[in-house]
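What follows is a single structure, written as structure tokens, with notes after it.
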Amino acid sequence: TAMLIDRYSRTIDYLRISVTDRCDLRCTYCMPKGFTEFEKPKHWLSFTEIERVVRQFAAMGTHHFRLTGGEPLLRKNIVELVERLKSIEGVHELSLSTNATQLEHYAHDLKRAGLDRINVSLDSLTRQGVAKITGFDAKDKVLAGLAAAKDAGFKHIKINMVPMQGINENEIDAVVKFCMQNHFILRLIELMPMGVTAQNHQYINLQPIITRLSQELDLIPSARQYGKGPAQYWENAEGTFSMGYITPMSQHFCQSCNRVRLTVDGTLYMCLGQEQKYPLAPLLKAEVDDHTLQQAIRNAINLKPLQHDFVEQPLKLIRIMSSTGG
């Protein structure tokens, strides 16, 4: 079957799948305090429906898939879903993004089920910083989850940090040191103005930080890729430490965007920073044939915009990050 290619000649070979929009943390840039407008479980895609969508994407040349949330480990029987998706022909890589609060209990089972890689959000290493950003004193749980992931045999564990002015920008060096000591891959991510919560924060331009850290740590641009995401990596000469930077604000990468997102209610979003979407749930509920479902996915891909407007229209998007699937 022909590959998925959008109107701008970009090959779509990466699908991010939100299995829940719920989370046990309340990160200040992701979900408003007191937020309760979650999708009703009766509207969630079932595992069979998720599996069907993944099967169609895989048949059309998409080989990389990521489970996201909210917090995906809150979805009941998530290990079973990993097993089912990894058994699909054409699923070359299946990864998961998590806040790691539940990871201590799931790491070994996820590894046995075939999960390939794990990304962990960690914006602070201090108890006070974690509590301020997430709303909870979750530091011990997160560190225990990371330890369990290492013990389970996961390699190339990524730590995602979102630097924010006046909140955690002074912790970047400490997180760098932590990742070097534990052989984690650190990725710094520029904050995107998604929803009022993120718009209340001031993003930090990573370009000066990239220059400073590359000089101080003797890092050089790396040709390595860890997954199909947009990060540009740097590494030391020995190859023992890698850092990635995701810069949607200061240096966007829309021209090479290769991904779309499936929300928990079965809506395909073409861009994190735009509203183009396509509902697949009605087709799945109607149990249409594979050809019809594949054609719907192709129609959706044709809606993918050229780029986001985060810089030009920072207050445009009212949809919050957790509802889209990260």
Out of (1) farther than 30 Å from R112 by Cβ; (2) out of contact with any Lys or Arg (no Cβ under 7 Å at 6 or more places or on another chain); (3) touching a residue at least 12 places away in the same chain (Cβ under 8 Å), the one T240 does not meet is (1)
Exclusive hit being at pLDDT below 95 and either within 20 Å of H64 (Cα to Cα) or within 21 Å of the chain's Cα centre (by Cα) (or both), set Q207, Q255: Q255
Restricting attention to the range 13-31, and to residues there that are closer than 21 Å to V142 by Cβ and in contact with a Lys or Arg (Cβ under 9 Å, 6 or more places away or on another chain), which single residue is modelled with the lowest pLDDT? T28
Could you check, for the range 263-276, whether at least one of its residues is at pLDDT 95 or above and either outside any loop (DSSP other than H, G, I, E, B) or among the basic types (K, R) (or both)? yes
Inside the range 55-70, can you point out the residues that are surrounded by fewer than 23 Cβ atoms within 10 Å (Cβ to Cβ), in contact with a strand residue (DSSP E or B) (Cβ under 9 Å, 6 or more places away or on another chain) and closer than 27 Å to A107 by Cβ? A58, H63, H64
The range 297-314, subset of a type in the set (A, V, I, L, M, F, W, C) and open to solvent by less than 60 Å² (accessible area, probe 1.4 Å), residue modelled with the lowest pLDDT: F310
Considering the range 149-165, residues that are out of contact with any Ser or Thr (no Cβ under 9 Å at 6 or more places or on another chain), over 16 Å from S97 (Cβ atoms) and not basic (K, R), and then whichever is surrounded by the most Cβ atoms within 10 Å (Cβ to Cβ), we arrive at P163
Counted residues in the range 71-111 being open to solvent by 10 Å² or more (accessible area, probe 1.4 Å), over 22 Å from M3 (Cα atoms) and among the charged types (D, E, K, R) come to 8
Looking at this structure, is L268 buried (at least 18 other Cβ atoms within 10 Å of the Cβ) and over 30 Å from T62 (Cβ atoms)? no
The range 252-268 residues that are under 18 Å from N299 (Cα atoms), paired with ones that are open to solvent by less than 20 Å² (accessible area, probe 1.4 Å) and among the basic types (K, R) (beta carbon under 8 Å, 6 or more apart): C257/R10; C257/K304; N258/R10; V260/K304
For the range 130-141, check the following and say yes or no: at least one residue is part of a helix (DSSP H, G or I), in contact with an Asp or Glu (Cβ under 7 Å, 6 or more places away or on another chain), open to solvent by less than 20 Å² (accessible area, probe 1.4 Å) and closer than 24 Å to I246 by Cα. yes
Would you tally the residues in the range 217-249 being part of a loop (DSSP other than H, G, I, E, B) and not polar (S, T, N, Q)? 16
Any residue at all in the range 154-169 that's under 25 Å from R127 (Cβ atoms), at pLDDT 90 or above, part of a strand (DSSP E or B) and charged (D, E, K, R)? yes
What residue, of E49, E104, E80, is assigned to a helix (DSSP H, G or I) and touching a residue at least 60 places away in the same chain (Cβ under 8 Å)? E49
Pull up the range 170-191, narrow it to residues that are open to solvent by 20 Å² or more (accessible area, probe 1.4 Å) and among the hydrophobic types (A, V, I, L, M, F, W, C), then point me to the one that is modelled with the lowest pLDDT. I189
Failed criterion for M31 (all others in (1) within 20 Å of D116 (Cα to Cα); (2) open to solvent by less than 10 Å² (accessible area, probe 1.4 Å); (3) in a loop (DSSP other than H, G, I, E, B) hold): (1)
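The values are calculated or read from the model by the stated rules, or taken from the named source; none is laboratory data. Worth saying up front: this structure is predicted, and the values here are computed from it rather than measured. Glycine also receives a Cβ, built like all others from the backbone with ideal geometry; neighbour counts cover every protein chain displayed. For the accessible areas, the whole protein counts, side chains as well, though only heavy atoms, and no ligand, DNA or RNA atoms are used. Shrake-Rupley method; radii C 1.70, N 1.55, O 1.52, S 1.80 Å.
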